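Asks: Have a look at the structure that comes next, please.
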């Protein structure tokens, strides 16, 4: 609004390549690939889907993107991505003390991270407040006759 904002698409921020798991529910994956056993979605970091990527693969490509943007830490950057990419981004930025894979991202949620001097600080995680309708009563607009102004 008022100034052009550049938009850049970057393949390093694409979702996990789930290979043979692509398009399947977790139940279908565990049925089709018994070696996955009783794992949950949080243990996806420990598996390598046939013809797909590991969590380490995703972290490497997201880390490559982070290294490229690090010199621009004085700018605001909006990243629109799927949960797998966001898990990798959080893991890269916040390190092993933050178990990124336990986060369940809501659809259209907002996570804000401050990244200054290659140090990250989590400001909001999975915020969905913008999706709730405001609890404001509808405005009452009085009817006016032609030529009248409000307050006349």
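Asks: Using a 7 Å offset from the Cα along the Cα-to-Cβ direction at both residue 3 and residue 148, what is the distance between the two label points in nm, to one decimal?
Replies: Going from the residue 3 label point to the residue 148 one covers 4.5 nm.
Asks: Give, in nm to one decimal, the length gained when the segment between residue 12 and residue 112 is fully stretched (0.36 nm per residue of separation minus the Cα-Cα distance).
Replies: Difference between extended and current length: 34.1 nm.
Asks: If you stretched the chain out fully between residue 122 and residue 94, how much longer would it get, using 0.36 nm times the residue separation minus the C-alpha to C-alpha distance?
Replies: 9.3 nm
Asks: Quote to one decimal, in nm, the extra length available between residue 76 and residue 135 on full extension: 0.36 nm per residue of separation minus the C-alpha distance between them.
Replies: Once the chain is fully extended between residue 76 and residue 135, it gains 18.2 nm.
Asks: Under a crude label model (7 Å from the Cα following the beta-carbon direction), how far is residue 56 from residue 31 in nanometres?
Replies: 3.2
Asks: Could you give the nm distance between label points at residue 102 and residue 67, where each point is 7 Å from its Cα heading toward the beta carbon?
Replies: Each label point lies 7 Å from its Cα, and together they span 3.0 nm.
Asks: Over the range 1-136, calculate the relative contact order: mean separation of alpha carbon pairs under 8 Å at least 6 apart, over the residue count, as a percent.
Replies: Details: 134 pairs, mean separation 27.9, N = 136.
Relative contact order here is 21 percent.
The numbers here are math on the coordinates, done by the rules we state, and not lab data. Computed from a prediction, not measured in an experiment: that's the story for all the values here. Neighbour counts are summed over all protein chains in view; Cβ atoms, including those assigned to glycine, are modelled from backbone coordinates with ideal geometry.
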